[in-house]
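See below for the structure under consideration.
The values are calculated or read from the model by the stated rules, or taken from the named source; none is laboratory data. Everything quoted here is computed from the prediction, not taken from an experiment. Backbone-built Cβ (ideal geometry, glycine too); neighbour counts: all protein chains shown. Note: areas computed on protein heavy atoms with side chains; ligands, DNA, RNA excluded. Shrake-Rupley method; radii C 1.70, N 1.55, O 1.52, S 1.80 Å.
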Amino acid sequence: MSTADNTAQNAELPSDLVQTFRDMAAHEHHARGASIEALRLVQERFGWISDAHLAQTAQVLGMTPADLDGIATYFNLLFRKPVGKNVIMLCDSVSCWLMGQEQTRDRLCKKLQIKMGETTSDGEFTLLPIVCLGHCDHAPAMLIGKELYGPVRPEDIDAIIDDVRSKNHDHA
Ligand code: FES
């Protein structure tokens, strides 16, 4: 991660986000009710949720950072560490195992040249396991951003990754 990115993660939350959180909290019986959406908005803006941003969000919502961190770490789709531009969530539950998840995972790791839990050196992809995606009838399944894929066979990996890469470059 570059120095500029580090600076962004340690910076004050932008005032528009702080105001949004205040408005959301005002409409909830308990500020905790706004917590997941607030964290989602932080992640949408910065790509992940740094300690500094978590602490500031907790303060606005009237919660302790520990309480809010407990909520953030419970949800697989909220990231507490920097991630790549595209996060690949590969299902790691039983139907997908039975349908060959291991082979798909190995092919993905080879194609991206990383292990599960890592990010590619160009910052394009992070590969993470996730519990059942509810796509068991299309196992093995994976999620990239908001797009659900399945069944994903090892031989499908090259085309899927190349396609995501080229879309990234189109939007760059
Ligand atoms: S077990 Fe993989 S999608 Fe349900």
When (1) out of contact with any Phe, Trp or Tyr (no Cβ under 7 Å at 6 or more places or on another chain); (2) under 30 Å from Asp23 (Cβ atoms) are applied to Thr57, the one that fails is (1)
If I go through region 44-54 residue by residue, how many of them are open to solvent by less than 30 Å² (accessible area, probe 1.4 Å) and under 14 Å from Thr20 (Cβ atoms)? 1
Select from region 138-149 the residues that are within 17 Å of Gly100 (Cβ to Cβ) and in contact (Cβ under 8 Å) with a residue 40 or more places away in the chain and write down the one among them that is nearest to the chain's Cα centre (by Cα). Met142
Which condition does Arg22 not pass, out of (1) surrounded by fewer than 16 Cβ atoms within 10 Å (Cβ to Cβ); (2) in a loop (DSSP other than H, G, I, E, B), if it passes all the others? (2)
If I ask for residues that are at pLDDT 95 or above, open to solvent by 20 Å² or more (accessible area, probe 1.4 Å) and either more than 16 Å from the ligand (Cβ to nearest atom) or assigned to a strand (DSSP E or B) (or both), which ones from region 130-146 would you list? Leu143
Among the residues of region 84-97, is there at least one that is more than 20 Å from the chain's Cα centre (by Cα), in a loop (DSSP other than H, G, I, E, B), in the same structural domain as Ala139 (by TED's automatic domain parsing) and farther than 16 Å from Ala34 by Cβ? no
Tally the residues that are open to solvent by less than 80 Å² (accessible area, probe 1.4 Å), modelled with pLDDT of 85 or more and not hydrophobic (A, V, I, L, M, F, W, C), restricting the search to region 25-41. 2
